[in-house]
Amino acid sequence: MHDPNIARADYRSFRTITTRWMDNDVYGHVNNAVYYSYFDTAVNAYLIEATGTDIRRLPAIGVVAETSCRFFRELSFPEPVYAGLRLEKLGNSSVIYRIGLFSGEALEAAAVGRLVHVYVDALTRGVVPVPEAIRTAAGRLHAD
């Protein structure tokens, strides 16, 4: 059975993430907590580029409400990591992303993450609809 979360071909946008010496732990591979920073970097960098705006200055901001990660293989410094993005769900006030982390040109993910952004008013922190610019950008990540 084909698992669409693992295959490189099932992701719509990629970002190169340079591993750093400090990302490795005492066991010689990227520490599990660092994967979450890769997820956050990939999603927010994509949104900044795809919307052409500084998303921190929008009247509604995406806060991370949930993250998770499934690990399949080790990543390690100094190899480059390619973070693939795809849309899992676009709701009224939330966006759910899948992020695949690929070692070099590997065809299967070393890890697969899930990141949920819930949109809130930048001042009051009350839940609001996903801004149109974000909705459009996220929609481009939808799997065909």
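Can you give the Rg to Rh ratio for region 1-46, taking only C-alpha atoms and Rh from Kirkwood?
In region 1-46, Rg relative to Rh is 1.04.
Going by C-beta contacts inside 10 Å, put Val130, Val63 in order with the fewest on the left.
Val63, Val130
Restricting to DSSP H runs of at least four residues, report the calculated mean residue ellipticity at 222 nm for the chain, -39500 (n - 2.57) per run over all residues, nearest 500 deg cm²/dmol.
Estimated from H runs of four or more residues: -6500 deg cm²/dmol.
Using label points projected 7 Å from each Cα along Cα→Cβ, tell me how many nm separate Arg70 and Ser37, to one decimal.
2.6
With θ taken as phi - 60° and the coefficients 6.51, -1.76 and 1.60, list the Karplus ³J(HN,Hα) couplings across region 49-57 in order, rounded to whole Hz; mark glycine and proline as x.
5, 6, 8, x, 9, 7, 4, 5, 9
Which ³J(HN,Hα) values in Hz, rounded to whole numbers, follow from the phi angles of region 90-96 under the Karplus curve 6.51 cos²θ - 1.76 cosθ + 1.60, where θ = phi - 60° and Gly and Pro get x?
Karplus values, whole Hz, x for Gly and Pro: 10, x, 5, 10, 9, 10, 10.
In debye to the nearest 20, how big a dipole does the chain give about its Cα centre with +1 on each Lys and Arg Cβ and -1 on each Asp and Glu Cβ? Mind showing how you got there, number by number?
Details: 15 positive and 16 negative charges, 66 e Å.
For the chain, the charge dipole is close to 320 debye.
Averaging the inverse of every distinct alpha carbon separation and then flipping it gives the Kirkwood radius. What is it for the chain, in angstrom units?
15.6
The numbers here are math on the coordinates, done by the rules we state, and not lab data. Since we're looking at a predicted model, the values are computed, not measured. Ideal geometry is used to build each Cβ from the backbone, glycine not excepted, and the neighbour counts take in all protein chains shown.
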